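Trainee: Handing you this structure, nothing more for now.
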Amino acid sequence: MKLGGTEGQGWHGTTILMVRKSNRLVMAGDGQVSIGATVVKANAKKVRRLGGGAVVAGFAGATADAFTLFERLEAKLDQYPAQLTRACVELAKDWRTDRYLRKLEAMMLVADKQTGLVLTGTGDVLEPEVRDGGMVMAIGSGGNYALSAARALISTDLDADAIVRRSMEIAAEICVYTNSQIVIESIDLI
C-alpha cells in the first residue's frame, strides 16, 4: 500500500493481522517503518490497547496520522463506552467529513470481545464474516499475505496465537515492507 509522502517518495504500510478463534482474539503488527526503499525503524509498535485495555487496535499508514486516529478513537470510546461499533462509526463519519481528518492516510484494525472492524478514511467500517470457525482480518502492504496464510491455517488445530505468529512470519518472508519484529496483543473472549 503506497501512502502519502512527496512525489517519488512513498510511505509504505505495514502488516497488521487479527485472528479470532475459539476463546481468543489475537492482533499482531510488524515493526518496520519504511520511507521509499529505506528502512528507517525496525521496532515500531503499531498495535496497542485502547479503551482501558478492552480494545486492541493496529494501524497501517503514516505514523502521525495513525496516532491522531488512535487519539480520536480513544475519545469516541470514552463517549460511547463498551460500544466499539458505534465509536468506530462515529469516527468514520468524522474521518470522512472533517477537513483535517480527510487528509489522514492510514487504516485501522480494531477489535474487542464482541467484534473486529476495519476502518478506512473513505468512511468504511467493515466487519469480516466468520469462516471455518474463526474470523480473520488484515491491513497494510503485507496484509494480503498474512490474510491468506491465516485463512489457510484457521481450520487447522493451531490456536489463534500460533496462526498469527506463523502468518506474520510468512508475510515478512514475502513483503519487503514487513519485518519479523512482531508486537502481539490478545484478548481472552471468555
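Trainee: Given N residues in the chain, what is its alpha carbon radius of gyration divided by 2.2 N^0.38 Å?
Mentor: So the chain has a normalised radius of gyration of 0.96.
Trainee: What's the center-to-center distance, using Cα atoms, between the stretch 121-138 and the stretch 32-69 in Å?
Mentor: What the calculation gives is 19 Å, centre to centre.
Trainee: Using the number of other C-beta atoms within 10 angstrom as an exposure proxy, rank 177, 80 with the fewest first.
Mentor: Ranking 177, 80 by Cβ neighbours within 10 Å, fewest first, gives 80, 177.
Trainee: Direction-averaged shadow area of the convex hull around the Cα atoms of the stretch 53-130, nm²?
Mentor: It is 4.8 nm².
A short reminder: the numbers here are calculations on the coordinates, not readings from a lab. Source: prediction; values computed, not measured. Glycine gets a Cβ as well: all are built from the backbone with ideal geometry, and neighbour counts include every protein chain shown.
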